[in-house]
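Report on the structure given below.
The values are calculated or read from the model by the stated rules, or taken from the named source; none is laboratory data. Since this is a predicted model, take the numbers as computed values, not measurements. Every residue, glycine as well, gets a Cβ built from its backbone with ideal geometry; the counts of neighbours run over all protein chains shown.
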């Protein structure tokens, strides 16, 4: 029982849970882990669900080797990182890959503040990225009303859901965390120093030399 501390109950952050399961899998023999899965984990999660999140945690770790950076990104998104699967190959979704391309993960030894700032930058890119695979699924209004629980669940787990009325007027249902990141509510600068640090002008070479001209003399 000592080994399953923090595994049950299943936390909201499923990626963090998947990482903890991976550590158990590495420490235990295959037979012992299978027994743990069948006798303990099955109380709250099926064997397929356990494997589902272990696979995603493994991809997440490979993409972001720095543990502190992973923790920052997972905490920011509450583990709701999107993945895609093509021909059996699991990987991060295009939006998250683009975010990591623009902002590579900080190296080992980076401060917690640096990791949090990096996580925010990557999440903003991922949330604004659009490609054919990330276009929101479309629902007709009547269908969305009848299957609201499913639409709600997909908005949280898979991404934005588009709801149309008569095929024209539409709205987008997105998870609250994603909305907060898009409008910046979740990460307003805490002070003036942080405000300037996040400024898009950081790194720009500005000329701040003062003109020596002191005006002109006036005879009265």
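Which members of segment 90-115 meet the condition of being surrounded by fewer than 20 Cβ atoms within 10 Å (Cβ to Cβ) and part of a helix (DSSP H, G or I)?
Result: 94, 97, 98, 100, 101, 102, 112, 113, 114.
Among the residues of segment 126-145, which ones are surrounded by fewer than 13 Cβ atoms within 10 Å (Cβ to Cβ), at pLDDT below 90 and outside any loop (DSSP other than H, G, I, E, B)?
128, 142
I need every pair where a residue in segment 144-157 that is without any contact (Cβ under 8 Å) to a residue 40 or more places away in the chain has its Cβ under 9 Å from the Cβ of a residue that is assigned to a loop (DSSP other than H, G, I, E, B), sequence separation at least 6 or different chains.
Sorted first by the residue in segment 144-157, then by its partner, the pairs are 155/136; 155/174; 155/175.
Here are some residues: 206, 154, 164, 220. Which one is over 29 Å from residue 71 (Cα atoms) and at pLDDT 65 or above?
164
Going through segment 159-179 one residue at a time, which ones are farther than 17 Å from residue 82 by Cα and in a loop (DSSP other than H, G, I, E, B)?
Across segment 159-179, the qualifying residues are 166, 167, 168.
Given the condition touching a residue at least 40 places away in the same chain (Cβ under 8 Å), more than 30 Å from residue 8 (Cβ to Cβ), exposed (fewer than 14 other Cβ atoms within 10 Å of the Cβ) and over 13 Å from the mean Cα position of the chain (by Cα), answer yes or no: does some residue in segment 71-88 qualify?
Among the residues of segment 71-88, not one is touching a residue at least 40 places away in the same chain (Cβ under 8 Å), more than 30 Å from residue 8 (Cβ to Cβ), exposed (fewer than 14 other Cβ atoms within 10 Å of the Cβ) and over 13 Å from the mean Cα position of the chain (by Cα), which makes the answer no.
Which of the residues spanning segment 1-60 are surrounded by fewer than 15 Cβ atoms within 10 Å (Cβ to Cβ), in a helix (DSSP H, G or I) and touching a residue at least 40 places away in the same chain (Cβ under 8 Å)?
Residues satisfying the conditions do not exist here.
Among the residues of segment 178-198, what is the count of those that are surrounded by 11 or more Cβ atoms within 10 Å (Cβ to Cβ) and either over 19 Å from the mean Cα position of the chain (by Cα) or modelled with pLDDT under 80 (or both)?
13
Taking segment 89-105, which residues are more than 12 Å from the chain's Cα centre (by Cα) and over 25 Å from residue 11 (Cβ atoms)?
89, 94, 98, 101, 102, 103, 104
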